[in-house]
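Engineer: Here it is, the structure, as structure tokens.
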Amino acid sequence: MEYVTIILENVLRYVGTIALTDWLDIALMAYFLYRALKLVGRSRAANLGKGVLIFLAALALSDVLQLNTINSILRNIVTTGVIALIVLFQPELRRLLEQVGSSKLGSFNPFTRAQQSSVIERTIAQTVAACAEMSSSRTGVLIVFERQIKLDDVARSGTIVDAQVSSELLRNIFFVKAALHDGAVVIRDGRLLAAGCILPLSHNTNISSDLGTRHRAGLGMSENSDAVVVIVSEETGAISVAIRGMLKRHLTAQTLEKLLTNELMPVAEENETTEKFHLRLPWQRKTGKETDGNAAE
């Protein structure tokens with residue numbers, strides 16, 4: 001018992017010598033380490049990260065066992081390995097910096113919360129109505145909803161539109177003979193920012209073989225940003241949504257509307273929104289309530 005007491009006294013004495021700046025230093029390092037591990041764990045770099053840990057473990061083991069030749073080789077690799085890691089993890093590092101730079105502390109929006117909610121609610125309704133019609137006609141669709149991470153580079157790859165979102169506009173853009181139908185549409189703050197945009201393709205090897213370039217582009221965009229991507233297959237008419245590198249397939253129009261509402265509108269604001277701009281969708285009764293019918297997939 002005395003031994004335990006002595007250990008506790010030594011620990012408390014040591015903790016008392018730690019300055020406030022040291023605690024701040026530890027907290028910041030823990031936070032950045034947590035964010036880095038979380039980012040790597042949700043990306044395709046997860047296996048690469050495991051390989052780095054195995055390499056570091058081998059380096060430490062070779063030092064303990066005094067395997068001088070192996071240890072020397074591994075240490076030489078470490079000297080150039082930092083640059084190699086920066087190159088390999090470039091997409092993940094860029095995404096992390098974009099998340100930091102896109103924080104709400106540095107952003108300014110001239111609209112009030114109620115105005116934003118109304119605009120986003122109307123945009124969701126118009127998008128769902130357009131996707132339901134294009135699903136039934138098997139028209140390919142690729143719509144990107146920008147969130148915190150700005151997609152200026154993606155928007156510049158297409159044609160700047162900067163227009164109010166409407167079902168008619170979306171159906172005209174993705175009409176099979178339209179000039180911009182092959183690209184993606186980017187929606188920012190409830191407005192159609194650009195059309196005909198080029199998205200990065202996903203390199204995930206676990207993607208189903210029946211998914212084409214449009215779905216790979218949607219997944220790639222969701223892997224490299226926090227965007228919500230809506231996809232309609234031109235082969236089957238199935239509606240899908242890509243979020244954080246995961247694909248939710250074969251959605252009904254009702255499910256799509258609920259998913260977009262949950263992802264694009266904060267929960268606290270959902271009850272505050274009005275139905276001023278709400279578009280009555282084909283599957284809804286005159287009272288605005290949903291029926292049991294499903295939209296075509």
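The values are calculated or read from the model by the stated rules, or taken from the named source; none is laboratory data. Being a predicted model, the structure only gives us computed values, none of them experimental. With ideal geometry, Cβ positions are generated from the backbone for all residues, glycine too; neighbour counts draw on all protein chains shown. Each accessible area value is taken on the protein alone, full model and side chains, heavy atoms only, with ligands, DNA and RNA left out. Shrake-Rupley method; radii C 1.70, N 1.55, O 1.52, S 1.80 Å.
Engineer: Can you pull out every residue in the range 176-195 that is under 22 Å from residue 136 (Cα atoms) and modelled with pLDDT under 95?
Structural biologist: 176, 177, 178, 179, 180, 181, 182, 183
Engineer: Determine if the range 153-165 includes at least one residue that is more than 12 Å from residue 191 (Cα to Cα) and among the aliphatic types (A, V, I, L, M).
Structural biologist: yes
Engineer: I'm checking my understanding of the structure. Among residues of the range 153-195 that are touching a Gly at 6+ places or on another chain (Cβ under 6 Å) and open to solvent by less than 20 Å² (accessible area, probe 1.4 Å), which one is farthest from residue 131 (Cα to Cα)?
Structural biologist: Per the stated criteria, the residue is 194.
Engineer: When only residues in the range 242-256 that are under 20 Å from the mean Cα position of the chain (by Cα) and part of a helix (DSSP H, G or I) count, which is farthest from residue 203 (Cα to Cα)?
Structural biologist: By that ranking, first place goes to 255.
Engineer: Further, regarding this structure: Take the residues of the range 48-65 that are open to solvent by 80 Å² or more (accessible area, probe 1.4 Å) and at pLDDT below 80: which is farthest from the chain's Cα centre (by Cα)?
Structural biologist: Only one residue tops the list, namely 56.
Engineer: Condition check: modelled with pLDDT of 70 or more and surrounded by 10 or more Cβ atoms within 10 Å (Cβ to Cβ). Does residue 129 satisfy that?
Structural biologist: yes
Engineer: A further question on this structure: Go through the range 135-147 and report how many residues are in a strand (DSSP E or B) and either of a type in the set (Val, Ile, Thr) or open to solvent by 30 Å² or more (accessible area, probe 1.4 Å) (or both).
Structural biologist: Result for the range 135-147: 3.
Engineer: What strands (runs of 3 or more DSSP E) lie completely within the range 148-241 and have 3 or more residues being within 20 Å of residue 261 (Cβ to Cβ)?
Structural biologist: Strands (runs of 3 or more DSSP E) meeting the threshold: 184-188, 228-232.
Engineer: Right, another one. Scanning the range 209-246 for residues that are touching a helix residue (DSSP H, G or I) at 6+ places or on another chain (Cβ under 7 Å) and open to solvent by 20 Å² or more (accessible area, probe 1.4 Å), which turns out farthest from residue 147 (Cα to Cα)?
Structural biologist: Going through the qualifying residues, I end up with 245.
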